[in-house]
Amino acid sequence: MTETRTTCPYCGVGCGVIACEEEGVVSVRGDDAHPANFGRLCVKGAALGETTGLAGRLLHPEVAGQRVSWAHAIDEAGRRLRAIIDEHGPQAVAFYASGQLLTEDYYAANKLMKGFIGAANIDTNSRLCMSSAVTGYKRAFGADVVPCSYDDVENSDLVVLVGSNAAWSHPVLYQRLVKAKQVNPQMQVVVIDPRRTATCDIADRHLAIAPGSDAGLFVGLLREIAQRGAFARQYADAQAARDSAEPWTVARVAEFCGLTEQEVNDFYTAFITAPRAVTLYTMGINQSASGSDKCNAIINVHLACGKFARPGCGPFSLTGQPNAMGGREVGGLATMLAAHMNFEPDDLARVARFWGTERLAQTPGLMAVDLFAAIGRGDVKAVWIMGTNPAVSLPDSHAVCQALAACPLVIVSEVAADTDTSRYAHIRFPALSWGEKNGTVTNSERRISRQRAFLPAPGEAKADWWIIAQMARALGYGDAFRWQHPHAVFCEHAALSGFENHGERAFDISGLANLTRAEWDALAPVRWPVRASGDTLDLQQGWRADKQLRMVPIEPQATHARTGQLYPLLLNSGRIRDQWHTMTRTGTVPRLMQHIAQPMVDVSVQDAEHFQLRDGGFARITSRQGVMVAKVSIQAGQRPGALFVPMHWNACFARQGKVNALVDAVTDPHSGQPESKQVAVRIAPWQPAWQGELISRQPVPLPSHVQWWRKAIDGLHHLTLCGDKIIYDELLLFCQQRNWLVQTARAGSLCHLLAWHEGRLMLGLWSAETLPVIELALITAAFDSAPQTPAERHALLNGRVNGQPAQGRIVCSCFSVGETRIRQAIAGGCTSVDALGQKLKCGTNCGSCVPELRGFIGDVTGHPHPNPLPEGEGTDRTYV
Ligand SMILES: Nc1nc2c(c(=O)[nH]1)N[C@H]1C(S)=C(S)[C@@H](COP(=O)(O)OP(=O)(O)OC[C@H]3O[C@@H](n4cnc5c(=O)[nH]c(N)nc54)[C@H](O)[C@@H]3O)O[C@H]1N2
Ligand SMILES: Nc1nc2c(c(=O)[nH]1)N[C@H]1C(S)=C(S)[C@@H](COP(=O)(O)OP(=O)(O)OC[C@H]3O[C@@H](n4cnc5c(=O)[nH]c(N)nc54)[C@H](O)[C@@H]3O)O[C@H]1N2
Ligand code: SF4
Ligand SMILES: [Mo]
């Protein structure tokens with residue numbers, strides 16, 4: 001058994017993980033010695049071992065869908081890229097990268113595009129995530145510096161979480177906060193979020209703010225700080241910021257934010273009087289057409305009342321992805337140069353000197369949304385996408401897909417064989433995944449940690465930096481990309497951070513530039529800066545004089561989304577606890593799908609009533625851009641007028657589950673970040689005629705009128721289906737064409753079908769007017785080893801094996817009441833149909849389930865249990 005210290009590849013908390021590998025089986029545990037998590041892991045981190053299998057991996061290079069050698073793939077990609085550059089200039093090509101690349105990969109991609117191809121058209125998914133936060137810090141501090149650490153969160157008097165559902169998105173940091181509050185019950189926690197989230201569990205106060213209105217709250221706080229004489233220090237533009245805040249009285253704030261004056265006042269008092277305060281902010285702030293202003297509104301109040309540059313204080317933007325921060329360090333965004341330098345003459349000359357290039361891009365490149373618009377217009381003719389899935393995650397995804405479909409050259413570096421984006425790729429490069437790749441990542445608190453390989457490279461997959469270096473060679477720039485190991489890339493990056501720095505750039509890790517490979521291999525987690533001179537530059541403690549800091553005058557803006565008669569509701573989107581982004585990894589782990597298996601739409605009680613939505617039923621959500629289908633979940637903590645859906649589902653996991661099909665491509669004018677959190681929509685109930693579960697050995701093509709959701713299941717395909725028209729005939733034809741033996745049961749709207757081939761179960765469909773709850777464990781066992789007797793086969797056809805009843809099957813269709821609940825109620829004393837009806841409502845509408853209810857009651861008292869499928873309904877048929 002080998003044990004390897006590495007870092008979790010999911011969120012920006014950056015937890016240390018110890019990976020144990022024994023004969024290909026991987027298990028993980030938290031690393032006690034890692035200062036981000038001290039041994040803790042969340043459910044996603046704990047399930048990492050279950051994601052290292054090779055099912056669904058892209059393992060060989062492909063050109064036009066055909067497996068080719070690496071030499072061929074690189075040659076083809078290089079030749080086609082070169083032809084486009086020669087004919088149309090470097091601006092006609094682009095890279096679109098990711099905060100999930102390692103720093104070494106990211107550095108290499110940025111160097112190739114900006115330094116040698118000579119255009120700055122490299123942007124990343126961090127544009128959708130962190131770019132407003134970057135703009136906020138740069139405007140205030142003159143540098144992209146996060147001035148806080150996790151210790152500050154634990155050692156504060158007031159922790160404000162705004163637009164952050166840390167309980168689900170940054171779970172281990174949230175757990176540290178929970179613990180800190182237990183230790184220090186005086187600590188106050190305020191959550192500012194339009195909906196009541198899991199994060200509110202420990203909140204002393206939850207401000208259910210009107211969507212998009214946060215700037216009003218913080219600008220009003222700035223005014224209040226001045227009014228109460230708490231303005232501690234003076235900064236550039238402080239007066240202008242105060243002036244702009246003047247109209248934002250408590251009354252106006254309360255109206256703008258949909259809060260009571262009391263709520264606003266109480267929050268202001270808590271903030272101003274707390275000796276120390278930290279504000280944690282994430283996507284509820286950043287993903288807005290005025291996101292950078294919201295970030296500065298938050299930074300302004302921390303500066304104004306001196307809750308800054310001392311322990312337990314500060315404006316703390318949490319990074320989302322494991323290496324969003326590393327991407328900022330290498331200049332992965334189109335608007336920055338490497339090592340925190342900018343498109344300014346001195347910086348440009350310095351970077352060109354360091355890289356030894358005369359081709360360095362001189363002006364910023366296209367930001368993500370503009371980049372895909374340029375692809376759509378045909379201005380950009382080639383795009384290389386690495387480590388991100390823009391066909392899902394960018395707003396207005398229909399337009400993004402159209403752009404990709406029309407783009408003459410799409411190259412995708414991926415770990416997954418099939419993604420929404422890679423379906424458009426002409427050339428696919430197989431990349432190493434977590435556990436196989438080797439390099440560094442930087443977390444939210446600027447801590448650099450090693451991700452170490454502990455598994456062999458599968459198939460022909462290669463490290464992203466290696467693929468980039470090969471492409472550089474193919475394009476004729478090989479001399480500047482001679483690295484043989486990620487250690488060499490890291491040292492070059494570290495050296496650039498210190499190059500002609502003279503203490504001017506906060507990002508300086510030149511102290512790590514001369515690490516030997518062994519030292520780099522053993523590198524312990526370390527926070528930057530790490531300067532070669534050994535000088536410490538404590539970014540938490542007054543690293544800049546007050547006069548170098550700037551307050552930004554803010555005019556709060558309403559959300560861009562315009563609701564009206566046609567689109568009366570605001571749609572919000574974000575994370576669920578157990579899924580990661582576009583599900584390419586977490587969507588394959590059965591354990592992670594048990595929590596939420598289908599995209600839901602959270603609806604307030606009032607809206608559910610008004611739009612006639614039933615809890616557990618389906619709804620169609622429509623915006624000016626597109627439509628999605630989700631399961632209705634009525635939530636007491638949901639604001640009337642606002643809906644919430646997960647961001648995760650996509651064309652690989654559902655027919656119409658992609659929220660960005662609805663999102664308009666509106667962006668912040670300073671940061672280019674899209675307004676992903678507010679979209680004007682309408683909602684309507686949809687009652688499908690039938691619902692079912694389909695489990696098969698191989699994918700089954702489905703007609704476009706069927707809605708489906710993929711569920712994670714080992715070695716098989718499992719779809720939950722529903723639609724207006726039953727697919728019995730199509731399925732029968734599918735089996736017929738394969739000469740499979742079919743066994744069916746049909747009774748009214750109920751349709752069960754099993755297909756057999758050479759004694760093996762090939763597929764099973766269990767469908768009815770409402771979703772039959774099938775006994776999954778027993779059905780998957782039947783795929784492993786087929787039941788032998790006709791009686792067992794009949795029981796399987798019924799959704800239950802060996803005569804055991806399925807758990808939780810829906811019995812009362814009208815009120816969606818399942819067998820398990822009914823049996824529990826009977827055990828609890830409901831021994832008549834009337835009593836059951838009073839408690840659960842079952843049987844009180846159409847009454848067709850009453851006999852079955854009686855049967856259950858009889859069962860308890862020793863009477864026979866009626867079989868929902870009468871004997872003889874199942875028929876064996878052969879199609880030859
Ligand atoms: N489980 C899980 N964890 C993750 C990820 C994942 O995919 N899954 N992804 C990671 C990444 S890349 C990121 S960026 C982070 C994101 O972490 P978070 O930002 O915490 O996640 P979200 O769910 O996108 O949004 C947070 C909250 O913003 C709220 N919100 C929406 N509009 C507003 C508003 O106008 N004002 C306020 N105050 N709040 C609003 C939403 O209701 C939501 O609860 O999570 C990281 N962690
Ligand atoms: N409506 C709405 N849209 C959103 C958001 C939202 O809250 N609402 N959130 C936004 C945010 S904050 C983010 S960060 C984005 C995330 O959106 P994406 O970045 O598009 O989502 P991921 O699924 O993380 O995509 C990563 C891809 O890289 C692949 N991959 C994994 N590891 C590697 C590797 O080592 N190398 C390579 N080459 N590939 C790899 C994965 O298989 C996957 O296909 O979504 C954004 N979009
Ligand atoms: S909190 Fe984030 S980094 Fe830590 S284990 Fe969970 S997903 Fe991984
Ligand atoms: Mo993100």
Residue match in segment 370-377 (condition: assigned to a loop (DSSP other than H, G, I, E, B), more than 30 Å from residue 242 (Cα to Cα) and out of contact with any strand residue (DSSP E or B) (no Cβ under 9 Å at 6 or more places or on another chain)): no
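Let's see how each residue does on (1) more than 12 Å from ligand 2 (Cβ to nearest atom); (2) in a loop (DSSP other than H, G, I, E, B); (3) buried (at least 24 other Cβ atoms within 10 Å of the Cβ):
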residue	(1), (2), (3)
100	no, yes, yes
134	yes, no, yes
152	yes, no, no
177	yes, no, yes
189	yes, no, no
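Return yes or no: is residue 182 over 26 Å from the mean Cα position of the chain (by Cα), closer than 20 Å to residue 38 by Cβ and more than 16 Å from ligand 3 (Cβ to nearest atom)? Working first, answer last.
Numbers: over 26 Å from the mean Cα position of the chain (by Cα): yes; closer than 20 Å to residue 38 by Cβ: yes; more than 16 Å from ligand 3 (Cβ to nearest atom): yes.
So residue 182 passes the test.
Those residues that are part of a strand (DSSP E or B) and closer than 22 Å to residue 127 by Cα, I need them from segment 391-431; list them, please. Before the answer, list the steps.
In the first step, residues of segment 391-431 are kept if they are part of a strand (DSSP E or B); the result is 409-414, 416, 427-431.
Passing the criteria: 410, 411, 412, 413, 414.
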Qualifying residues in segment 531-566 (those that are of a type in the set (A, V, I, L, M, F, W, C) and without any contact (Cβ under 8 Å) to a residue 40 or more places away in the chain) - the one surrounded by the most Cβ atoms within 10 Å (Cβ to Cβ): 532
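For the structure I just gave you, tell me whether residue 15 is within 16 Å of ligand 2 (Cβ to nearest atom), at negative phi, in contact with a helix residue (DSSP H, G or I) (Cβ under 9 Å, 6 or more places away or on another chain) and outside the structural domain of residue 435 (by TED's automatic domain parsing). Quick ask: steps written out before the conclusion?
Working: within 16 Å of ligand 2 (Cβ to nearest atom): no; at negative phi: yes; in contact with a helix residue (DSSP H, G or I) (Cβ under 9 Å, 6 or more places away or on another chain): yes; outside the structural domain of residue 435 (by TED's automatic domain parsing): yes.
Against the criterion (within 16 Å of ligand 2 (Cβ to nearest atom), at negative phi, in contact with a helix residue (DSSP H, G or I) (Cβ under 9 Å, 6 or more places away or on another chain) and outside the structural domain of residue 435 (by TED's automatic domain parsing)), residue 15 does not qualify.
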Members of segment 40-67 found to be modelled with pLDDT under 95, assigned to a loop (DSSP other than H, G, I, E, B) and more than 11 Å from ligand 3 (Cβ to nearest atom), listed by number: 52, 53, 54, 55, 56
Out of 173, 161, sole residue that is surrounded by 24 or more Cβ atoms within 10 Å (Cβ to Cβ), within 26 Å of residue 221 (Cα to Cα) and either within 14 Å of ligand 1 (Cβ to nearest atom) or at pLDDT 95 or above (or both): 161
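Residues 423, 452: which one is within 16 Å of ligand 3 (Cβ to nearest atom) and surrounded by fewer than 23 Cβ atoms within 10 Å (Cβ to Cβ)? If you could, list the steps in order and put the result at the bottom.
Details: 423 fails: within 16 Å of ligand 3 (Cβ to nearest atom).
So the residue among 423, 452 that is within 16 Å of ligand 3 (Cβ to nearest atom) and surrounded by fewer than 23 Cβ atoms within 10 Å (Cβ to Cβ) is 452.
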Residue in segment 78-93 that is of a type outside the set (Phe, Trp, Tyr), more than 16 Å from ligand 3 (Cβ to nearest atom) and outside any helix (DSSP H, G or I) present: yes
Members of segment 494-530 found to be surrounded by fewer than 19 Cβ atoms within 10 Å (Cβ to Cβ) and outside any loop (DSSP other than H, G, I, E, B), listed by number: 495, 517, 518, 519, 521, 526, 527
Out of 745, 712, sole residue that is surrounded by fewer than 20 Cβ atoms within 10 Å (Cβ to Cβ) and in contact with a Gly (Cβ under 7 Å, 6 or more places away or on another chain): 712
Residues being in contact with a Phe, Trp or Tyr (Cβ under 9 Å, 6 or more places away or on another chain) and within 16 Å of ligand 1 (Cβ to nearest atom) - total across segment 326-348: 4
Residue 322, sole failed condition from (1) closer than 18 Å to residue 122 by Cα; (2) within 16 Å of ligand 1 (Cβ to nearest atom); (3) touching a Pro at 6+ places or on another chain (Cβ under 6 Å): (1)
Given (1) within 28 Å of residue 44 (Cβ to Cβ); (2) in the same structural domain as residue 267 (by TED's automatic domain parsing); (3) of a type in the set (A, V, I, L, M, F, W, C), index of the condition residue 141 fails: (1)
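Give the residue, chosen from 92, 36, 73, 97, that is within 16 Å of ligand 1 (Cβ to nearest atom), assigned by TED's automatic domain parsing to the domain that holds residue 465 and touching an Asp or Glu at 6+ places or on another chain (Cβ under 8 Å). So that I can check it myself, show each step before the final result.
Working: 92 fails: within 16 Å of ligand 1 (Cβ to nearest atom); 36 fails: assigned by TED's automatic domain parsing to the domain that holds residue 465; 73 fails: within 16 Å of ligand 1 (Cβ to nearest atom).
Only one candidate passes the filter, namely 97.
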Residue within segment 788-799 that is surrounded by fewer than 18 Cβ atoms within 10 Å (Cβ to Cβ), out of contact with any Pro (no Cβ under 8 Å at 6 or more places or on another chain) and closer than 21 Å to residue 616 by Cα present: no
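Taking helices (runs of 4 or more DSSP H) that do not extend beyond segment 237-338, which have at least 1 residues that are of a type in the set (Ser, Thr, Tyr)? Steps first, answer last, please.
Details: elements: 238-245, 250-257, 261-273, 283-286, 291-304, 324-330.
Of the helices (runs of 4 or more DSSP H) lying wholly inside segment 237-338, those with at least 1 residues that are of a type in the set (Ser, Thr, Tyr) span 238-245, 261-273, 291-304.
The values are calculated or read from the model by the stated rules, or taken from the named source; none is laboratory data. None of the values given here were measured: they were computed from a predicted structure. We place every Cβ from the backbone using ideal geometry, glycine too, and count neighbours over all the protein chains shown.
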